[in-house]
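Notes to accompany the following structure.
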Amino acid sequence: MTYEPFPGGEGAVVGIESLTLDGARHYFAFNYPSDLVLSPLIDDAGAMAEFAAEHFTQTDGEHDAAYWAELVEIADEESGLAEFENTFFESEELERGETTYHLRYLLGAACAWDSAVLKDAEVLAALDRLGLGHEWDDLDKCTELDGADAAHVVERYFDHIGELLESSWRTAFAPLFDR
C-alpha cells in the first residue's frame, strides 16, 4: 500500500504515536509543536518505519528505517500525548457515541483543527445559549453537557470531523460517524 503524508507533512519533524482500536495497533506521525497528525493510520510497524524514513525527519535530520523502527517500537508502549492506557478504543463504545478527550483531540489534530463548523450560525447560536465561546475547545465541552443545544453542537462537531478526516482515519473511526 502507498501512503502519503498529510499536507505540510513532507520533511516535517515528527514523533511516532500509536493507538489501539479493537485490539489492533495503528501508528501515525505527529508533530508536537503544531499539534498536528501528519500521516494516515498505518497498522503495520515495518510499513510505518519505512514510511517515516521516506517522508519525515527528526530534529537532527533524516534517519533510516531501522532508526524509525525503534521509535515505532517505543510507540507500542508509550505515548507522548496521553497516558498510555488512554490510547485504547473499542468500536462498541464509538457506536454508542462514547469518546474520550484524547480521542477527540486526535481527531481534531488529524483534521488540522479546521474550524469551519465554528462559522455555522446554528452552532454559534447553540454555543451562545450554553454560555460557551466560539473556539474548538468549546465544541469539545459540549460532549460533557446535556440538552438539545449541546446535542446539536456535538452532532455537527462529529459530522464536521467525519467529513474532513483522511480515509484511513475515517474508516477506522466509522462507528463514531455512521451512527
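Laid out as a table, the results:
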item	result
Nonlocal amide H pairs with Phe56, under 5 Å, H built at 1.01 Å	Gly11
Region 19-178, relative contact order [Cα under 8 Å, separation at least 6], %	23
Total charge dipole magnitude, the chain, about the Cα centre, Cβ charges on Lys, Arg, Asp, Glu only, Debye to nearest 20	520
Positive-end residue of Val123, Phe28, Ile74, charge dipole of the chain with Cβ unit charges	Val123
Cα point-scatterer Debye curve for the chain, base-10 log of I(q)/I(0) at q = 0.14, 0.17 Å⁻¹	-0.76, -1.04
Inter-probe distance in nm under a simple model that places probes 7 Å from Cα toward Cβ, at Asp44 and Thr100	2.8
Computed E for Glu10/Asp137 - FRET, C-beta separation, R0 35 angstrom, nearest 0.05	0.75
Accessible area (Å², 1.4 Å probe, nearest 10) - Tyr67	70
Accessible area of region 13-87 belonging to carbon and sulfur atoms, whole % at 1.4 Å probe	45
FRET efficiency estimate (nearest 0.05) - Cβ-Cβ, Glu62 to Arg179, R0 30 angstrom	0.10
Distant-in-sequence amide H partners of Leu36 (H built 1.01 Å from N, under 5 Å)	Asn31
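The values are calculated or read from the model by the stated rules, or taken from the named source; none is laboratory data. Quick caveat, the model's predicted, so the values are computed rather than measured. We place every Cβ from the backbone using ideal geometry, glycine too, and count neighbours over all the protein chains shown. Note: accessible area is taken over every heavy atom of the protein model, side chains too, but ligands, DNA and RNA are not part of it. Shrake-Rupley method; radii C 1.70, N 1.55, O 1.52, S 1.80 Å.
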